[in-house]
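Shown next, in structure tokens, is the structure this report addresses.
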Amino acid sequence: MPKRRSKRAARRAVVTPAKPSREQHIRVRVNGVDHESDVESRMLLVHYLREVLGLTGTHEGCDTSNCGACTILYNGRSVKSCTMFAAQANGGDIVTIEGLTKDGQLHPIQRAFWDNHGLQCGFCTPGMIMQSYWLLKENPKPTDEQIRWGISGNLCRCTGYQNIVKSIKAAARELR
Ligand code: FES
Ligand code: FES
């Protein structure tokens with residue numbers, strides 16, 4: 001006669017390990033450095049940057065493409081890195097906030113945010129700066145309205161945006 005299992009044992013018995021998803025081999029260039037990795041097909045690019053490469057300057061606020069905290073440059077275009085799988089980035093050239101600083105010197109946009117109090121808690125700031133970088137590359141002399149439109153996909157819960165716009169204008173002057 002088989003022994004009856006206790007309720008606790010029965011509960012344990014139904015817990016099965018998750019099936020590993022398929023891995024893919026990717027090659028990416030990040031901030032000028034080549035990386036090769038095996039990644040799960042479902043891994044988001046933001047998670048690859050933060051958890052595999054340790055580039056935690058790219059923030060993760062919502063995972064649903066709303067907040068813009070995860071904005072990076074992918075092949076020269078600003079992209080919310082939670083909207084891409086790491087596997088989709090294969091072969092790409094990525095720049096994160098860490099890649100803007102050269103020889104320990106802040107990029108002019110970073111400096112402008114610092115000088116003009118373009119941040120408070122700083123959570124949105126890496127994404128805001130990467131978006132500003134792309135905006136100023138596309139339009140070196142934006143109006144206030146164009147700046148506000150350009151950063152409309154990036155949310156800030158602290159500043160009220162006034163000083164962010166001021167920072168981007170100051171950076172634009174510096175970069176021209
Ligand atoms: S974490 Fe990507 S948009 Fe919010
Ligand atoms: S500075 Fe806090 S969210 Fe923008």
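A short reminder: the numbers here are calculations on the coordinates, not readings from a lab. None of the values given here were measured: they were computed from a predicted structure. Here Cβ is always computed from backbone atoms with ideal geometry, including for glycine, and neighbour counts include all displayed protein chains.
Listed values, structure above:
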quantity	calculated
Sequence-distant aspartates and glutamates (8 or more away, or on other chains) whose Cα lies within less than 14 Å of residue 80	60, 63
Prolate/oblate/rounded label for segment 23-99 (Cα gyration tensor, a/c 1.5)	oblate
Residue order, fewest to most beta carbons within 10 Å, for 67, 62, 124	62, 67, 124
Fewest-first sequence of 34, 63, 144 by Cβ atoms within 10 Å of each Cβ	34, 144, 63
With Cα atoms, 0 to 90° folded angle of helix 125-138 axis to the chain main axis	50 degrees
Surrounding net charge for residue 47, when Lys and Arg each add one and Asp and Glu each subtract one, Cβ distance under 11 Å	-2
Interchain or long-range residues, amide H under 5 Å from residue 82's placed H	46
Förster radius 45 Å - calculated FRET efficiency between residue 23 and residue 101 (Cβ-Cβ, nearest 0.05)	0.90
Lys/Arg +1, Asp/Glu -1 at C-beta; the chain dipole; positive extreme among 131, 25, 153	25
